[in-house]
Structures are given as structure tokens and as C-alpha cells.
1. Assuming E83 fulfils every condition listed in (1) under 35 Å from the mean Cα position of the chain (by Cα); (2) open to solvent by 40 Å² or more (accessible area, probe 1.4 Å); (3) at pLDDT below 85 apart from one, which condition is it?
2. For the range 421-444, which residues satisfy the criterion of being exposed (fewer than 14 other Cβ atoms within 10 Å of the Cβ) and assigned to a strand (DSSP E or B)?
3. I'm trying to understand the selection: among the residues of the range 377-427, which are touching a strand residue (DSSP E or B) at 6+ places or on another chain (Cβ under 9 Å), among the aromatic types (F, W, Y) and at pLDDT 80 or above?
4. Within the bounds of the range 194-214, is there any residue that is within 22 Å of A243 (Cα to Cα), surrounded by 20 or more Cβ atoms within 10 Å (Cβ to Cβ) and of a type in the set (G, A, S)?
5. R235 versus (1) over 12 Å from the mean Cα position of the chain (by Cα); (2) open to solvent by 20 Å² or more (accessible area, probe 1.4 Å): which is the lone unmet condition?
6. Restricting to the range 164-209, name every residue that is basic (K, R) and more than 22 Å from the chain's Cα centre (by Cα).
7. Which of the residues belonging to the range 238-267 are under 15 Å from F214 (Cα atoms) and open to solvent by 30 Å² or more (accessible area, probe 1.4 Å)?
8. Considering the range 396-421 alone, what residues qualify as being closer than 24 Å to N367 by Cα and without any contact (Cβ under 8 Å) to a residue 24 or more places away in the chain?
Amino acid sequence: MGLIKAIAGAAGGVMADQWKEFFYCDALPNDVLVTKGQKQITSRSSNTKGNDNIISNGSGIAVADGQCMIIVEQGKVVEVCAEPGQFTYNSSTEPSIFAGSLGKSILDTFKAIGRRFTYGGDTGKDQRVYYFNTKEIIQNPFGTSEPIPFRVVDNKIGLDVDVTLTCNGYYTYKITNPLLFYTNVCGNVESAYKKETIATDLKADLINHLQVAFAELSNAEIRPNQIIANNVRVRDSLKGILAEEWGNHRGITLEKVSFRSVTVPKEDLDMIKTLQKTAVFQNASMGAAHLVQAQGQAMQDAAKNSAGAMTGFMGMGFAQNAGGGTGMNVSNLYAMGEQQKAQKEEAVAEQAQADANAWKCSCGASNTGKFCTNCGNSKPADNSWTCECGTSNMGKFCPECGKAKPTGTPTYQCDKCGWIPEDPKNPPKFCPECGDVFDENDVK
């Protein structure tokens, strides 16, 4: 059995006049995932009084955009069509499988679970037409009934603390493999299979795996107040996690996740702010600036003292002495800040120099020295040259402007260890680093 496109199967006359029965499905609403095809019977039908679950040879079947139609015979899928159009049912042909936008995956699934039943050339006794909603199923709410843990990480200030949060929002999904959905989820439904039937299970799966998706955000140092802006990142993470449970088992693919709110308890927010503020003062310059600000505020408060400004300033002096005279250390803190800044700049410069000297050996190991730490091979000679146009090249001609590599007195570099003579144009006879003889192989 199979389907023949009506426009290709017509041999004169109007094809609709030849159809015995006609199966169709109105536009499927957002809450209906699967429905049984409706039959319109003509006066020429051979099934006007018989079982409704029989498809006569030559019957017409219509498939609309956003739909996938399957024919089920004796409980097994025998035909699939996700391509919009009108088709004629032919019981004498092999399954045609019009995959449409569902692609190769539907063909592979059909080979795995689809089985053709034959009864000596006769049709089966129970044949049904089902239509699947392949549009994006929207407006599916979710929310966490209990707080879930979230790890707040900021390696720049050494922050690593666990908090809890609650969230809610909406997600959307699609039926991307109707065969799996029919086989493992809905089966032979008598009328319509609505999304509310499976909504509880899908929402539970989504919420259960949110913690794993949030862990990936934590590793990327995304903070709780940035989760809403990273909904695509959460969607991609959940999509990968649910690929087996939803995609390979139910034939469903997660499409979008959008958060309406992400809430962190006030005590957790206050803790984060306190730790962030404390971490900032690891920078001596920031600590000095804060101390200056505090001293300025203290002086203003002392001047407003109800017992007199002098009394206020005396109290301020006692406080400074009790604190070990910290007011005298502001300049020292600023000096420490400058020292920290210089050390940081030096570390950045050293890393930049290490990156510039890095090279990759043929064995795959990355190195910065003259020899590979993995296999011992020497660093390859750098034969690059810079053209007048500014392009760096390795060959004999510049690929940007076509000019040839400049010629002149050759310069030398050891091809074994990479050592460059103090005067590259007048090398010694032997390399002082590895003992290799300088010859034409060492010309840059």
C-alpha cells in the first residue's frame, strides 16, 4: 500500500470524482497534538455501511501545512506523509513515505518500527488515519515549587558560594518524529490526544533537569540576575539533556525556554553583596579610597556633634588610636595598590610573551622552549618575512600583492634548536647550543 500524489496520478478528468472516500483534518489547534482523520463518504463509496476503519483502494487523503499523516493497519504504521498536498491511497504499491520537512530521521524510524502487513493482497481489517500537529506547541508554563540550588562563582574576586532560587516561565516544543510519538506515547486514540495529557510529565522532566542547566551557567560565571538574559543558553543545555528522554523516546524536541522571573531570597542576595564588597577591598587602592571616604564622612559627622565639634573630633581621634592609627596608613594602602597594579601588568606581559613564543610540535604538544617537552624535537625555524605591503608570509611570494621575497645576504638560524647568531649573516661553523653544523639548511 502507498500514496500517489493526486496531480501525478490523474489520467484525465477530475481526480476528486474518482475518490471513493476522502480523509482530511481541519487546522489543529495549539492544544491538540494528535487526532483521528475525518472521512467524507461519496455516493460511490464501497464503505457506506461498513466499518469506519477501512480505507478503500483509490481513496483520497489530504495533508495540510504543519501536519503529518500516518496510516495505521492492525496497530502498525504502514504509511507516513509530512508533505502538504492531496494524495490517492493505492493498496497495491509499496509504502511511499513522504517525509517532507521531517527529513531522514522519519525514514530511519519507519525502517526500525514500521512493518507492512499483507493479507494475500487484501487490505487489513482495521485501518486508521491519524494527523499529528507538527507546529510549535506554545504556551506551556513551568515553575519550581521548591527552591533549587545555584552556585554563584566569580573567579576574578574569588567568590564561590551556594544560594537557592525559584523561577517560572514558559517553554515550547515540537513533535519532530510522529512515529515515535505514536508508538511510545499516544497509540490508537479514538478522537483527539491533547497536550494536557502529557503536560505534567514534560514539565516535571524540564524542572528536574534545570539544575544541570544552571550548573553550566555557574561554570560560565553567570549570576542569578543574568539567567533571564541567558534563556537561549539554558534552552540549548536542556535540549541536549532531554535529547534521549524526549527526542529519541517520545519524538519531541524542546524549542524555546523563556523565564518570567528568577527570584533569590533576600538573605542570599544580602550575603552575595556583602561578600562582593569584602572581595573588592582585596584591592589595596579600593580599600584606601573607601577609608578616605569613611574618614571624610566621620569628619562631617564630628562637626555636627551636638556636644560640640571639638568633642566630636576628639572622639574621632580616639577611634583612630583604638584602630591602630589606620588614618596614617592611607598612603601606604595606595602604595600597595600601585604595587598590585604593577604586578598584574607584569604578569599580563609575561603571559603575552609566553603566548608569543609558544609553538606546536608535530607530535601535537604545545611548547614555549627550544625543544618539545613531549618528544624532544627542536623548535622549527621561523622562515616568515614581512612584505612591503605589511603582510606576513612564509612562501617565496606575497599572496596579498604578489611581490617576491626580498633577496640579499642570507641570514642564518639553526634548524635543529632555533638558535640565532648575534650576527645572523655571519654564523659560526657550529651551533653553540646543539653543535649542529651551519649549512644551507639553516638559511632563513
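1. (3)
2. F430, V437
3. The answer is F397, and nothing else.
4. Yes, the range 194-214 contains at least one residue that is within 22 Å of A243 (Cα to Cα), surrounded by 20 or more Cβ atoms within 10 Å (Cβ to Cβ) and of a type in the set (G, A, S).
5. (1)
6. K194, K195 - these are the residues of the range 164-209 that are basic (K, R) and more than 22 Å from the chain's Cα centre (by Cα).
7. K239, G240, I241, S258, S261, V262, T263
8. I420, P421
The values are calculated or read from the model by the stated rules, or taken from the named source; none is laboratory data. All values reported here derive from a predicted model rather than from experimental measurement. Here Cβ is always computed from backbone atoms with ideal geometry, including for glycine, and neighbour counts include all displayed protein chains. Only protein heavy atoms, including side chains, enter the accessible area calculation; ligands, DNA and RNA are left aside. Shrake-Rupley method; radii C 1.70, N 1.55, O 1.52, S 1.80 Å.
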